[in-house]
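One structure is given below, encoded as structure tokens.
What follows draws every value from the coordinates through simple rules; no lab data is involved. Note that the coordinates shown come from a computational prediction; the quantities given were computed from them, not determined experimentally. Cβ coordinates were reconstructed from backbone atoms using ideal geometry, including for glycine residues, and neighbour counts include every protein chain displayed.
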């Protein structure tokens, strides 16, 4: 009797499966999933082709020419072995540009993080006109970089610039921002802060995900604004903080536009040595000296440095970054 019932149940299950397959056009479930996967790959195929050709392909090509003497102007390509990488150690301007870039990154990343977080906290407050100010704060991001550089050339002029004139009103003699080597990097940081709204938006989105109940419980326990910020806000947005630190660190080591537009676009040798960043020197080797082999070696050195820094930051983040749902 039990065998008959079991056989009847098995037959009913097979019939139900067959009916579902018939309703789906008679295709087995595995075939349907295969068609869905194929459709998905077809949809992302433009990105895959673009990545293979313009990213992976160019990386492999640059690695090949980094072991050769390749003159872009003449098209001459000769094997060089490790000569380009040996030149990285021998060229003093490589060390100078790398030191300038590292100093700028150490200075710019914390300043950008603090400034962006401060703006995000101000915009997160439920006050009248918040939507308007969110739009206004993001507008500098839309300004063309050439126009921004032209504006800061006027603002940072040591003699007639608006910043130094404002400092004179309070009895402070401003520095020669674009001439004094001590103030060259801070001037570029000021220009970078003009477009910090992208980082601000990420912080603002993270702040909006923090549960209000946590603040209410903290208030019941007598916690003040400072305690709530360090005990609730910072841990809850640590994921966004980690992301912004990674992105800003990579951007700081690749800084080019600001330094080039402020100091190097006239192709003269009068620019202060403190403004020679790694990406600027790489650009000079590639598109002024036409030494693409050496420039490719410089690019791969930068890639290794960023890879090491990102790995270290990721290791640190595993201990200090909070992810909701993670154990």
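Annotations for the structure displayed:
- A simple spin-label model places pseudo-atoms 7 Å from Cα toward Cβ; at residue 42 and residue 227 they are separated by 6.1 nm.
- When both the stretch 306-321 and the stretch 136-172 are represented by their alpha-carbon centers, they are found 35 Å apart.
- Helix 278-287 and the long axis of the chain differ in direction by around 80°, with both axes built from C-alpha atoms.
- Label zone at residue 167 (point 7 Å along Cα-to-Cβ), backbone N below 20 Å, the stretch 95-118: 104, 107-108, 111-112
- Extension gain (nm, one decimal) between residue 85 and residue 303, 0.36 nm per residue minus Cα-Cα: 77.1 nm
- GNM top mover of 36, 213, 86 - the chain, alpha-carbon springs below 10 Å: 36
- FRET efficiency for the residue 51 to residue 247 pair, using the beta carbon distance and R₀ = 22 Å, is estimated at 0.70.
- Exposure proxy ranking, count of Cβ atoms within 10 Å, fewest first, for 76, 257: 76, 257
- The chain: angle of helix 92-124 to the longest principal axis, Cα-based, in degrees nearest 10: 60
- Helix 292-320 vs. the chain, principal-axis angle (Cα, 0 to 90°, nearest 10): 60
- Taking other Cβ atoms within 10 Å as a rough exposure proxy, 185, 315 sort from fewest to most as 315, 185.
- Where (1) 15.1; (2) 31.1; (3) 19.1 are the candidate values, the label of the one calculated here for mean projected area of the Cα convex hull in nm² is (2).
- GNM top mover of 212, 128, 33 - the chain, alpha-carbon springs below 10 Å: 33
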